[in-house]
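Input: a single structure, listed below in structure tokens.
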Amino acid sequence: MRKTFFVLLVTLFLINLSAAELLQKTLPNGMEIVVKENFSNNSVGFYCFVKTGSISEDEHLGKGISHYLEHLVSGGTTSKRTEKEYSEISKNIGAISNAYTSKMVTAYHLIVDNTYQDQALEMLSEHIQFCVLDEYEVEREKQVILKEIVMSMTPPYSKVSQRNGEVVYPNSNMKYPIIGYTELFKTITREDLLDYYHRKYVPNNMVFVCVGNIDTEVMMEKIENTFKDFPRGQLAPSFMPVQNQRTGSITVTEEFDINTPIVFMTTILPAESYKDRIVLETALQILMSNRESPMKYDLYEQKKLVDELWFSVSASAYLPEGDISIGFITDDYGKVNETIEIIDSYIRNYSFKGFTQQDIEQVIEKKKARRLLSVPEVGQECNRIGWSMITNGIPDPYDVEMEALLRLTPIDLSNAISKHLVPKNRLVFKAVPRGTGDLIVQSEKIDYQKTEPQKITKDNITLIHRQNTENPIVSGVIWLPVYDAYEDISSPKLNDFVAELLLTGSSKYKPRELSQWLEERVVRLNSYVSDSGTFITFRCLKKDFDEIKNILTDAFSNPLFDETEIELRKKKIMAELQISQTYATTLHDDFLNEGIYQNEIYRMNNEDRTMSVIQMNRQSILETYKKYFT
């Protein structure tokens, strides 16, 4: 038995999010500005959110003009500088620059070291105000986007998502793809782009966010001076027809080039019911989010009907309606309707009783823990603030949402799902593999403190420890010299599989109890194997650290390798394989690996690697554990 060296990196993070200073202001021209401190590193992030996306394209609906303009404004030529000059400046200051378009907004961002904050602010402001839409760049980006449309709309799962939007929102602008339909996109002219830019890119249609290692008052003054001469525009509201809730349950079944059925059950949430969002989210979280959640445990572990199960509740002040969506993936198309019926039965039962005050308190504690454990980098925080401003009208909805949660009672949860989900005024979209649609349709007739790092070495364990006591968070990494190079042609990915199974249960911590404990405390516990070794990572509140140490100690000393956990993970791996086989990137990687590598194990394709794991039994897993992990 060979010795194993551990490196444990433990950091108690100093960041107290609620104490970070935040300033908010609306300029005379209507631009909303939010500036916030974030001292996690020396970066400064600038984000500009233009409140226009695929749903607000007016006469250009379905063309993807918002996305087209994003390509041109981001880094493009302005009346101040050329595209090449911006590229040189960006390179010289080490800027991370990007942009994206969504259904509601187009967002531009720059992240730099705080030494270059003035240059970054200047660059971004010039693109927002002075873009000229150079003719060469317009034509070049048109060709780029035409290829992008093919790449983004060809994968089967992209087609499923787009088609679901079309059938759920037949009367709403929400049905249009962000990137646009090919033939409509081709009709966009440079004059269309200029007109759209001058109409939509006005300060009273923007939210500007800056987060980073800054003096908030000084930065607010800089931003105000930068945009003070940006003239307010006459902003005409976009026509957004309301998608009314349909009466009764409508089912649409369509075939795609996919391996496993995907089902979306969507109910329209009228704007007047947005106040119910937090209640609905809480109810569905209790039913579906954790391993021990009743609906998830029943469908995933007991009946083994689903590979994935999720929900979402969408409600934005920017939209005329929202939606409540429950979705699942299953590997058995014959069980689709049975699964839907089980979901419906849980909703019916819990609309009468079943929720407890303890359930609500666990949701509240989890939200508090997530807040403490969240240490966003500047880009993430800029993005979060911007979206909150657009959807909620405030930079941070945490306090408002927490106040609402603290008022909830079990009867509130039952009433909410009784009101919105029991009547089944919904659209059920079933995306199924080709050749199985008729079978599913037929079956529908059946009822069914800061310190410097310290290094401590004892025996064969090395501990590198840095302490920080301003915030009660512990983050750690255990490193083992177990490399993916140890794998051979008969057992690729086996070390990865064993490392993952180590964290699923041990003699003192049975799988279900361990999962429940980790979920309730929002503990992040993961593993991965690479050419740098094997890494076990964790992140928890300080109060849970002692228990995490016990869990990890017992995991390495007395792993359980429970047969049920092995089979659950094999099932998950198979589901991931079936989905990945429809991705062009997977096929391309397999092709490259086979052509580049001489080593047989590196030449193996994704399917062969996966199947080698599926064929492993508990004995081979134990042998690998004894050989490399003890």
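Which chymotrypsin sites (Phe, Trp or Tyr not before Pro) in segment 222-271 pass both tests, a DSSP loop state and at most 10 other beta-carbon atoms within 10 Å? Can you show the working numbers first?
On the way: sites: PHE227, PHE239, PHE256, PHE264; in loops: PHE239.
The qualifying sites are PHE239.
In whole angstrom, how far apart do the alpha carbon centroids of segment 366-435 and segment 222-284 sit?
First find each Cα centre; the distance between them is then 13 Å.
Under 1.5 on a/c is rounded, so check that first for segment 11-119, then, if it is not, pick prolate when a/b is larger than b/c and oblate when it is not; a ≥ b ≥ c are the square roots of the alpha carbon gyration tensor eigenvalues.
The shape class here is oblate.
Percent of accessible area on the chain owned by carbon and sulfur, 1.4 Å probe?
Carbon and sulfur: 51 percent of the exposed surface of the chain.
Can you give the calculated 222 nm mean residue ellipticity of the chain, where each DSSP H run of n ≥ 4 adds -39,500 (n - 2.57) and the sum is split over every residue, rounded to the nearest 500 deg cm²/dmol?
Values: 23 runs with 267 residues, N = 630.
Helix-only estimate at 222 nm: -13000 deg cm²/dmol.
Taking square-rooted eigenvalues a ≥ b ≥ c of the alpha carbon gyration tensor, is segment 496-540 rounded, prolate or oblate, where a/c under 1.5 means rounded and, failing that, a/b exceeding b/c means prolate? All intermediate terms of the calculation are to be shown ahead of the outcome.
Working: a/c = 3.24, a/b = 1.58, b/c = 2.04.
Oblate shape, in that a/c is at least 1.5 and b/c is the bigger or equal ratio.
In what sequence, highest mean first, do 40-46, 617-623, 161-167 appear when ranked by Cβ atoms within 10 angstrom?
Details: 40-46: 19.7, 617-623: 13.0, 161-167: 17.3.
Packing proxy ranking, top to bottom: 40-46, 161-167, 617-623.
Checking the table LYS335/LYS626; LYS84/LYS186; LYS142/LYS228 against a 28 Å threshold on Cα-Cα, which pairs fail? All intermediate terms of the calculation are to be shown ahead of the outcome.
Numbers: LYS335/LYS626 40 Å; LYS84/LYS186 26 Å; LYS142/LYS228 33 Å.
Exceeds cut-off: LYS335/LYS626; LYS142/LYS228.
Please name whichever of VAL167, ASN425, THR624 sits farthest to the positive end of the charge dipole of the chain, dipole taken about the Cα centre and charges placed at Cβ: Lys and Arg +1, Asp and Glu -1.
So the residue furthest toward the plus end is THR624.
Which value, in Å², gives the accessible area per residue of segment 28-166 when a 1.4 Å probe is used on the protein heavy atoms?
39
Work from the charge dipole of the chain (Cβ charges, +1 for Lys and Arg, -1 for Asp and Glu, about the Cα centre) and give the residue of SER580, GLN380, ILE473 farthest towards its positive end.
ILE473
Only one of the values (1) 33.0; (2) 38.7; (3) 30.6 was calculated from this structure for mean projected area of the Cα convex hull in nm²; name its label.
This structure yields the entry labelled (3).
Can you classify segment 532-571 as rounded, prolate or oblate using the Cα gyration tensor, where a ≥ b ≥ c are the square roots of its eigenvalues, rounded means a/c under 1.5, and otherwise it's prolate if a/b beats b/c and oblate if not?
Prolate is the answer for segment 532-571, as a/c is 1.5 or above and a/b outweighs b/c.
Could you run the Karplus curve 6.51 cos²θ - 1.76 cosθ + 1.60 with θ = phi - 60° over segment 339-344 and give me ³J(HN,Hα) per residue in whole Hz, x for Gly and Pro?
Ordered by residue, 3J(HN,Hα) equals 5, 4, 5, 5, 4, 4 Hz.
Would you mind working out the magnitude of the charge dipole of the chain relative to its Cα centre, with +1 at each Lys and Arg C-beta and -1 at each Asp and Glu C-beta, to the nearest 20 Debye?
Computed charge dipole of the chain: roughly 1180 debye.
So who's got an amide H within less than 5 Å of the one on THR251, skipping anything under 5 residues away but keeping other chains? H placed 1.01 Å off N, in plane.
VAL428
Kindly report, to the nearest 10 Å², the accessible surface of TRP387 as traced by a 1.4 Å probe over protein heavy atoms only.
60
What pairs in LYS367/LYS424; LYS159/LYS430; LYS424/LYS570; LYS303/LYS368 have C-alpha atoms more than 23 Å from each other?
Over 23 Å apart, Cα to Cα: LYS367/LYS424; LYS424/LYS570; LYS303/LYS368.
The values are calculated or read from the model by the stated rules, or taken from the named source; none is laboratory data. Just so we're clear, the structure is a prediction, and the values are computed from it rather than from any experiment. All Cβ positions, even for glycine, are placed from backbone atoms using ideal geometry, and neighbour counts span all protein chains on display. When the accessible area is computed, the model is the full protein with side chains, heavy atoms only, and any ligands, DNA or RNA have been set aside. Shrake-Rupley method; radii C 1.70, N 1.55, O 1.52, S 1.80 Å.
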